[in-house]
Amino acid sequence: QVQLVESGGGLVQAGDSLRLSCAASGRTSTLAIMGWFRQAPGREREFVAAVSWSGNTVYADSLKGRFTISIDNAKNTEYLQMNSLKLEDTAVYYCAAQGPKSYVRVHQVSDYDYWGQGTQVTVSS
(Lines give C-alpha, C1' and ligand atoms only; values in the text may rest on other atoms or scores of the structure.)
Protein backbone atom coordinates (compact mmCIF):
# COMPACT_ATOMS: atom_id res chain seq x y z
CA GLN A 1 0.00 0.00 0.00
CA VAL A 2 1.14 3.55 -0.80
CA GLN A 3 -0.01 6.71 0.90
CA LEU A 4 0.27 10.19 -0.61
CA VAL A 5 -0.04 13.40 1.39
CA GLU A 6 -0.14 16.83 -0.24
CA SER A 7 0.80 20.08 1.46
CA GLY A 8 1.51 23.69 0.58
CA GLY A 9 -1.87 24.88 -0.63
CA GLY A 10 -3.41 28.13 0.50
CA LEU A 11 -4.80 31.51 -0.45
CA VAL A 12 -2.57 33.68 -2.63
CA GLN A 13 -2.80 36.78 -4.80
CA ALA A 14 -2.74 36.67 -8.58
CA GLY A 15 0.85 36.83 -9.76
CA ASP A 16 2.22 35.11 -6.67
CA SER A 17 4.15 31.84 -6.56
CA LEU A 18 3.43 28.72 -4.55
CA ARG A 19 5.11 25.34 -4.14
CA LEU A 20 3.13 22.21 -3.43
CA SER A 21 4.65 19.07 -1.94
CA CYS A 22 3.55 15.44 -2.03
CA ALA A 23 5.14 12.97 0.36
CA ALA A 24 4.86 9.28 -0.49
CA SER A 25 5.08 6.56 2.12
CA GLY A 26 4.54 2.84 2.34
CA ARG A 27 5.75 0.66 -0.54
CA THR A 28 7.31 3.52 -2.47
CA SER A 29 9.81 1.20 -4.16
CA THR A 30 6.94 0.00 -6.34
CA LEU A 31 6.37 3.48 -7.82
CA ALA A 32 7.69 4.64 -11.17
CA ILE A 33 5.89 7.93 -11.87
CA MET A 34 4.31 10.68 -9.81
CA GLY A 35 2.09 13.44 -11.04
CA TRP A 36 -0.27 16.29 -10.30
CA PHE A 37 -3.88 16.83 -11.29
CA ARG A 38 -6.26 19.61 -10.40
CA GLN A 39 -10.01 19.96 -10.19
CA ALA A 40 -11.86 23.27 -10.23
CA PRO A 41 -15.49 23.61 -9.10
CA GLY A 42 -17.85 22.19 -11.70
CA ARG A 43 -15.03 20.75 -13.82
CA GLU A 44 -13.46 17.34 -14.27
CA ARG A 45 -10.09 16.49 -12.82
CA GLU A 46 -7.40 17.54 -15.32
CA PHE A 47 -3.77 16.62 -15.85
CA VAL A 48 -1.14 19.14 -14.75
CA ALA A 49 2.26 17.43 -14.88
CA ALA A 50 4.12 14.17 -14.27
CA VAL A 51 7.68 13.20 -13.41
CA SER A 52 9.52 9.87 -13.54
CA TRP A 53 12.04 8.61 -11.00
CA SER A 54 14.76 9.45 -13.53
CA GLY A 55 13.61 13.07 -13.72
CA ASN A 56 11.81 13.12 -17.07
CA THR A 57 8.84 15.48 -17.08
CA VAL A 58 5.59 15.99 -18.97
CA TYR A 59 3.34 19.05 -18.75
CA ALA A 60 -0.13 20.02 -19.82
CA ASP A 61 0.24 22.29 -22.86
CA SER A 62 -2.05 24.92 -21.37
CA LEU A 63 0.35 25.70 -18.52
CA LYS A 64 2.70 27.52 -20.92
CA GLY A 65 5.77 27.01 -18.76
CA ARG A 66 4.40 28.53 -15.54
CA PHE A 67 4.53 25.27 -13.57
CA THR A 68 7.54 23.08 -12.84
CA ILE A 69 7.40 19.54 -11.46
CA SER A 70 10.32 17.84 -9.73
CA ILE A 71 11.06 14.87 -7.51
CA ASP A 72 13.40 14.23 -4.60
CA ASN A 73 14.07 10.50 -4.75
CA ALA A 74 15.77 10.38 -1.35
CA LYS A 75 12.75 11.94 0.35
CA ASN A 76 10.12 10.20 -1.79
CA THR A 77 8.62 13.60 -2.37
CA GLU A 78 7.45 15.39 -5.51
CA TYR A 79 6.95 19.12 -5.88
CA LEU A 80 4.95 21.44 -8.06
CA GLN A 81 6.34 24.96 -8.36
CA MET A 82 3.61 27.32 -9.54
CA ASN A 83 4.56 30.78 -10.77
CA SER A 84 2.53 33.75 -11.99
CA LEU A 85 -0.63 32.27 -10.57
CA LYS A 86 -3.91 33.25 -12.19
CA LEU A 87 -7.49 33.20 -10.98
CA GLU A 88 -8.17 30.20 -13.21
CA ASP A 89 -5.54 28.20 -11.33
CA THR A 90 -7.90 28.01 -8.37
CA ALA A 91 -8.61 24.32 -7.76
CA VAL A 92 -8.02 21.37 -5.51
CA TYR A 93 -4.64 19.94 -6.47
CA TYR A 94 -4.15 16.19 -6.21
CA CYS A 95 -0.96 14.18 -6.03
CA ALA A 96 -1.00 10.86 -7.89
CA ALA A 97 1.38 7.94 -8.43
CA GLN A 98 1.64 4.79 -10.51
CA GLY A 99 3.74 1.65 -10.58
CA PRO A 100 5.98 0.60 -13.47
CA LYS A 101 4.28 -0.33 -16.74
CA SER A 102 5.48 -1.61 -20.09
CA TYR A 103 3.94 1.41 -21.82
CA VAL A 104 3.80 4.62 -19.80
CA ARG A 105 0.68 6.81 -19.85
CA VAL A 106 0.29 9.89 -17.67
CA HIS A 107 -2.50 12.14 -18.97
CA GLN A 108 -5.57 10.33 -17.67
CA VAL A 109 -6.89 9.86 -14.15
CA SER A 110 -7.21 6.15 -14.84
CA ASP A 111 -3.46 5.88 -15.52
CA TYR A 112 -2.68 6.24 -11.81
CA ASP A 113 -2.89 3.75 -8.97
CA TYR A 114 -2.71 6.00 -5.91
CA TRP A 115 -4.14 9.39 -4.97
CA GLY A 116 -3.76 11.91 -2.19
CA GLN A 117 -6.65 13.73 -0.54
CA GLY A 118 -5.91 17.00 -2.31
CA THR A 119 -4.87 20.46 -1.22
CA GLN A 120 -6.81 23.64 -1.96
CA VAL A 121 -5.18 26.45 -3.93
CA THR A 122 -7.17 29.66 -4.12
CA VAL A 123 -5.96 32.61 -6.19
CA SER A 124 -7.55 36.01 -5.59
CA SER A 125 -7.26 39.30 -7.46
Q. Any idea what the dipole of the chain comes to, in debye rounded to 20, about its Cα centre with Lys/Arg Cβ at +1 and Asp/Glu Cβ at -1?
A. 100
Q: Run the dipole for the stretch 64-105 about the Cα centre, Lys and Arg Cβ at +1, Asp and Glu Cβ at -1, nothing else charged, and hand back the magnitude in debye, nearest 20.
A: 160
Q. What's the carbon and sulfur percent of the stretch 1-107's accessible surface, probe 1.4 angstrom, rounded to a whole number?
A. 48
Q) Excluding same-chain residues fewer than 8 positions from Lys75, which lysines have a Cα within less than 29 Å of its Cα? A) Lys64, Lys101
**Q.** Percentage relative contact order, the chain, counting C-alpha pairs under 8 Å, at least six apart
**A.** 36
Q) Considering only protein heavy atoms, what per residue accessible area in square angstrom results for the chain with a 1.4 angstrom probe? A) 53
**Q.** Full-stretch length increase - Ala32, Gln3 - with 0.36 nm per residue and alpha-carbon distance subtracted
**A.** 9.0 nm
Q.
Please list log₁₀ I(q)/I(0) at q = 0.10, 0.13 Å⁻¹ for the chain, using the Debye equation with identical point scatterers on the alpha-carbon positions.
A. -0.27, -0.46
**Q.** Gain on full stretching of the segment that runs from Lys75 to Ala40 - 0.36 nm per residue minus C-alpha separation
**A.** 9.7 nm
Q. Gaussian network model of the chain, Cα springs within a sub-10 Å range: biggest mean-square fluctuation belongs to which of Tyr103, Tyr93, Tyr112?
A. Tyr103
Q | Candidates Trp36, Trp115, Trp53: whichever shows maximal mean-square fluctuation once the chain is modelled as a Gaussian network with Cα springs under 10 Å | A | Trp53
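The values are calculated or read from the model by the stated rules, or taken from the named source; none is laboratory data. What you see is a predicted model; the values in this text were computed from it and never measured. Here the Cβ is made from the backbone with ideal geometry for all residues, glycine too, and neighbour counts use every protein chain on show. Surface accessibility is based on the protein's heavy atoms, side chains included, excluding ligands, DNA and RNA. Shrake-Rupley method; radii C 1.70, N 1.55, O 1.52, S 1.80 Å.
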